[in-house]
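Below is one structure, written out as structure tokens, with a few remarks after it.
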Amino acid sequence: MRNTLYVLFIFLGCYQALFAQEKAQLSGTLIDEKNKTPIAGVVLSLENNKQTATTDAEGAFIFVNLEAGDDFLVIQSAGIRSVRLPISIASGESKSLPAIALIQENQIDVQTILGVIDDDVLSEDGDLHGQDIRTSVILSNDLYLNKVGFKLSPFRFRVRGYDLFFEQTYVNGVLANDQYRRVFNFASIGALNDLTRNGDVINYNNAGNFSFGSIGGAENINMRASSYAKGGKVTGSYTNRNYYARGMFSYSTGLMDNGWAVTGAIGGRYADKGFIQGTSYNNFSYALSLEKQWAEGDHSISLVTYGSPVVRGQQGSSFQEVYDLVGNNLYNPNWGFQDGKARNSRMVNAFDPTAVLSHIWKIDEKTSLTSGGLLHYGRYSSSALNWYDASDPRPDYYRYLPSYFAMDPANTDQTTYDYYRDLWMSNNPAITQVNWAEMYRQNMDPEHRRKNLGAALYMVEKRHSDLLEATINSTFNKLYDNNVRLTAGVEARKTRSFQYKTVDDLLGSDFVLDIDKFAERDNRGNSIINQNDLNFPNRRAYVGDIFGYDFDIDVQSVNAWVTNTHQTGNVDFFYGTKLTYTDFQRNGNMKNGRFPNNSFGRGVKHHFFDYTLKGGVTYKFDGRHYLSANTGYITEAPIPDRAYAMSRVSDQVVKGLTSSKIFASDINYTFSMPRLAGRISAFQTNFYDQLERMAYYHDSERTFVFHNLTGVNKVHRGIEAALTYRLDDNWNFDFIGTMAEYYYANNPLGIMNSENGKLVDVEETVYMKDLYVSGTPQFAGVLAARYFYDYWFFEVSANAIGRNYLTAAPLRRQASNYAGINPYDEAQFDAYKTLTSQERLDDVVTLDASIGKLFYLKDRRSINLNFSVINLLNNKNIRTGGFEQGRLDTTYPNRFASRYFYMQGANVFLNVSYRF
């Protein structure tokens, strides 16, 4: 394959040189007016020549193959005040413009203060529920992507409905998404905002200069030390989020005479008591960037290391009944009082230290080779309550709610219902919160200790998901004189994910017996079946010991890619291809009693060869109006985290494991007039052979099951638009909107497996067709007014979202669950409809406002003040998501109600920074 790529590169190079013509060229750099740092990723255009260019990491741009004459250089990018400069170009001239200083509007600071990269990374079950903020919020030059990223983030909005693993994040040109879940850990750069706001971007599946890209786009965060202006910055923030105080300090030497540049930053976020009861936040962040540039300017080497250790208490979802009883839609069931102090049962500890080494070789003005390597060791753990032969300690367990006594015919006494209702409404913490004292009491009860020798009834466990990963890559970039750009790259990655569980707190007991509490109910008569590790049967686990499960997953991949872009007078086009090899393998460190033959040691290695083809064409009516179309066909190896049927106890993979397929297309009209600019797009993305997984307690089988959906087909299609109108030098008005539908296009095969061994590859069709994809609004709109005068910034916006649906539980869409339903029995048929209908959340409108002022002082010092309010009208009844339970009762269909997430009321952020 390597020889084939060499031949391809040589052929393309000869092709470009054959048609090269000597014409004029224009180059220059864009810098920030206030701190003189380069601005990367900005799109510029020449109106009469009908050409576009994008600034690189140095803020540099170049146009080649230009017709002589008068022209206008137009700079119109999100977050930057528009510029239109007259340019005169002589025949055969190589013209270099002086640095162009631009005003970056204060919306970037507003994005920072809203905490766009401060959100949680992983929820307690390891899935991605909290990380709905994309790097494109900060970096994108596209008005639509730039605005929706932070305006709609409180609603969990996802661009085009794509999952987060369809977006790639690079740091100094090296891919930083992990291979196990394929996502970027935003918490690793939390409170390092000053070092993460510059870089380049590839919107959607277009061509780019640093990556082949992905349908969700790609961003390259530039953390090279030379890209920061000399000086320091101190920032202090107050908010009423999951933390209330944030502080940051950064300092850079700038590029010194000896060719060295050094930049460092520290930061932190803190709350002993977050806005939501029971939550807390403790975080310290650091970053150090070193760079050496040689005098000739041909070579530079950069080393950056960063990390952001955090300890935080989580919020949990709950039922509407509970929210109503306690009178608080932000009720948190995860905590309770212990010895008079609040204690959260769901504590997260996360730390992902990362180092990136990169080298840039500028072969000439139009040719470069960028190479780099990234190494990181992420450690993530989330605590949770566990119990053995004891009552469920969760306060909002359905058997503890008043509705349980109203629905169960054995508990029809109105007095009992009223008693529990009054207890909940009184907000008695012994009822409404985790009762730590009661768990200690039962664990330390003398009779229990005598009978069970001090074994735990209740305990707190830690579920660990650690990751050691290395990536190396190299990207070649060449712009030919006939306005053809060749970009090619190679990449290799190696990952080991460590998945295990440890004892965190025995709550007054002496040990926990390492057995499976669900397997004890198995009826096969096997005395060893309940053992979690047959190598150490009946092992007693103490604080800090590994128990329950322990396995590793090794992932390796290598890819090579090439793209070619052409610019002509009226038509631009690009095409590219990517080839990828991936393998992964499980290594079990425990011999599980339910699966003794395929749980311990190295399992089967799974191999996948995949490819991507993509291309696009743009027709230029003139220098201000463009019509473009893009398309791509992608095959991708299964995500290792989803590939195994129940990876904690077995090497068994999901039946029929295969690469998924994606076909994505869009058509776009882009315009840039003196007062009105924007983009209108129509898109459709078809997903085939996807894997999805749900995990829940199965009531009828009385065990914990994994429900894997294989062969899932989905369609994401819609229209998105972004318009900005410039009234004058002070006022701008923005409109951003999406009308889309994301839905399941078939009825996939559901495969159930239980960790206690009772259910093994139980197959049944799941009737998901025409259900909506959940977790994101499918209609959204933003109407904003922005004002700028003498470095005063003011913005007010109205945000609307709709067509947001609950996550559907596959178990409720299996025909076997309704075999006994009589369609002529009204009550039974109503129960069937209730259990199989997908709930649509209410459509809502909110208002946001922000104000800021930049004060320039002597000697290039400045003070920046920002104040913003999200949900200005303090609406506390906005549901942002939720999910159906994986339980059902056809007699009492409301017994297992859905769980919901609510948006916080008014969310304020005050930010003050001093630059010196």
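No lab work stands behind these numbers, since they all come straight from the coordinates. The model shown is predicted, which means the values in this text are computed figures rather than measured ones. Don't worry about glycine lacking a Cβ; one is built from the backbone with ideal geometry, like all the others, and counts go over all protein chains shown.
Tabulated values for the structure
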read-out	value
³J(HN,Hα), Karplus 6.51/-1.76/1.60, whole Hz, each residue of the stretch 487-501, x for Gly, Pro	10, 9, x, 10, 8, 9, 9, 9, 9, 10, 9, 10, 10, 7, 10
Simple label model, 7 Å out from Cα along Cβ direction - Glu763 to Asp418, nm	5.6 nm
Residues whose placed amide H lies under 5 Å from that of Thr169, excluding near-sequence neighbours	Ala176, Asn177, Glu219
Cut-off under 5 Å, modelled amide H: who pairs with Ile87 long-range	Asp71, Phe72, Leu73
Sequence-distant lysines (8 or more away, or on other chains) whose Cα lies within less than 17 Å of Lys591	Lys501, Lys517
Listed residue (Ser237, Tyr787, Thr367) projecting farthest to the positive dipole end of the chain, Cβ model	Thr367
Rounded to 10°, Cα long-axis angle of helix 414-425 versus longest principal axis of the chain	40 degrees
Long-range amide H partners of Gly41 with built H, under 5 Å	Thr55, Asp56
Chymotrypsin sites (Phe, Trp or Tyr not before Pro) lying in DSSP loop within the stretch 571-664, provided at most 13 other Cβ fall within 10 Å	Phe621
Aspartates and glutamates whose Cα lies under 13 Å from that of Lys655, excluding same-chain neighbours fewer than 8 positions away	Asp689, Glu692, Asp761, Glu763, Glu764
Karplus (6.51, -1.76, 1.60) ³J(HN,Hα), θ = phi - 60°, over the stretch 850-855, in Hz, Gly and Pro reported as x	8, 9, x, 9, 10, 9
Whole-Hz couplings from phi, Karplus 6.51/-1.76/1.60, listed for the stretch 60-68; x for Gly and Pro	8, 9, 8, 10, 10, 6, 9, 7, 5
FRET efficiency for Ala682 and His566, using Cβ-Cβ distance with R0 set to 22 Å, rounded to 0.05	0.35
Residue-span extension gain [Thr253 to Tyr892] - 0.36 nm each, minus C-alpha spacing	223.2 nm
Distance in nm between pseudo-label sites at Arg540 and Leu613 (7 Å out along the Cβ direction from Cα)	6.6 nm
Most to least packed among 489-495, 142-148 [average Cβ atoms within 10 Å]	142-148, 489-495
Normalised convex hull volume, the chain, alpha-carbon set, Å³ per residue	166 Å³
For the stretch 288-330 versus the stretch 469-511, the gap between their alpha-carbon centres in whole angstrom	17 Å
Cα centroid separation - the stretch 877-916 against the stretch 736-801, whole Å	14 Å
Restraint check, Lys833/Lys876; Lys462/Lys494; Lys578/Lys661; Lys614/Lys661; Lys661/Lys714; Lys230/Lys366, Cα-Cα greater than 21 Å	Lys833/Lys876; Lys462/Lys494; Lys230/Lys366
Gap separating the Cα centres of the stretch 344-397 and the stretch 825-854, nearest whole Å	32 Å
FRET efficiency, Ala827 to Lys341 (Cβ-Cβ, R0 51 Å, nearest 0.05)	0.55
At R0 = 35 Å, FRET efficiency that the Cβ-Cβ distance of Ile719 and Thr577 yields, to 0.05	0.75
Cross-link pairs beyond the 31 Å C-alpha cut-off, checked among Lys23/Lys147; Lys50/Lys362; Lys95/Lys620	Lys23/Lys147
Full-extension gain in nm, Phe733 to Asn428, via 0.36 nm per residue minus C-alpha separation	104.8 nm
Cα→Cβ-extended label distance, 7 Å offset, between Ala819 and Arg394, nm	2.9 nm
